[in-house]
Amino acid sequence: MSKTEKDLMDAFAGESQANRRYLGFAQRAEDENLSGVAKLFRAVAQAETIHALKHMRTAGKVKTTKENLEEAISGETHEYTKMYPQMIENAKEEGHRAAQIAFEYVNKVEELHSQLFKKALADPANFPVQDYWICRVCGHTAEGHAPDTCPICGANKKAFDKAEP
Ligand SMILES: [Fe+2]
Ligand SMILES: [Fe+2]
C-alpha cells in the first residue's frame, strides 16, 4: 500500500469517526437546549460524511454490490463471532456491567445483520424493497414493521424508528 493509499484510509477512518462524534455532540447540545450549536454539529457531521465517502471512493474501496455484500457479511461475522465475544469477556473480567450489556445486545444485532446481508447476497435482484425499523436502544433492525417488543433488548414498539429510505 502506498503512502497516499494509507492516507486515504486513515482519512476515511478519521472523517467517519468525526461524523458519529459530532452527531453524539449534537444530541448533547439538544439536551442542554443549545439548538443552534446542535444544528451546527449536525451540519458539519453531514459534511464529514461527504469527506469520508470521497476518501473511500478515491481509495477504490467501493466495489460491486456482490463484493460489498461479501465484505459486509465477513465484517459482521467477525464482529459477532470474535470481536464482541472477546469484548464481552473483557468487560465481565473487569466488572464493567454497562459495557457488558451493551456488547451483548450489539453482538446479537450483528448476527442478524450478517443474516440480512446473506439473504440479500443469495438473490440481490429479487431482494425486496421494504421498510426497516431500528430499535433506538439496541439497534435491532426489523424488516417490514416494528415488533411489539424488541426481541433483543425488550424495548417497547415506541422505541423503534423507521429507517431512512
Ligand atoms: Fe452490524
Ligand atoms: Fe432493542
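Coordinate-derived values only; no laboratory data. Nothing here was measured: the structure is a model prediction, and the numbers come from that model. Cβ coordinates were reconstructed from backbone atoms using ideal geometry, including for glycine residues, and neighbour counts include every protein chain displayed.
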**Item:** Added length on full extension, which subtracts the Cα-Cα distance from 0.36 nm per residue, Val129 to Thr149
**Value:** 4.8 nm
**Item:** Extension gain (nm, one decimal) between Leu121 and Ala13, 0.36 nm per residue minus Cα-Cα
**Value:** 36.3 nm
**Asked** Excluding Pro165 itself, what net charge comes from residues whose Cβ is under 15 Å from its Cβ, given Lys and Arg +1 and Asp and Glu -1?
**Response** -3
**Message:** If I model a spin label as a point 7 Å beyond the Cα along the Cα-Cβ vector, how far apart are those points for Glu32 and Ile101 in nm?
**Reply:** 2.6
**Prompt:** Using mean Cβ contacts within 10 Å as the protection proxy, how do 20-31, 86-97 order, highest first?
**Reply:** 20-31, 86-97
**Message:** Please compute the Kirkwood hydrodynamic radius of segment 63-127 from all pairs of different C-alpha atoms, in Å with one decimal.
**Reply:** 12.7
**Prompt:** Taking K and R as +1 and D and E as -1, what net charge do the other residues with C-beta under 10 Å from the C-beta of Glu143 add up to?
**Reply:** 0
**Prompt:** Which value, in debye to the nearest 20, describes the size of the charge dipole of segment 1-73 about its Cα centre when Lys and Arg Cβ atoms bear +1, Asp and Glu Cβ atoms bear -1, and nothing else is charged?
**Reply:** 180
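Take the cross-link list Lys119/Lys157; Lys66/Lys162; Lys66/Lys119; Lys6/Lys54; Lys118/Lys158 and give me the ones stretching past 18 Å between alpha-carbons.
Table pairs above 18 Å Cα-Cα are Lys119/Lys157; Lys66/Lys162; Lys118/Lys158.
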**Item:** Spatial extent of segment 3-58: Rg and Dmax, with the Cα atoms as the point set, Å
**Value:** 13.1, 44
**Asked** log10 I(q)/I(0), Debye, Cα-only the chain, no solvent, q = 0.19, 0.20 Å⁻¹?
**Response** -1.46, -1.43
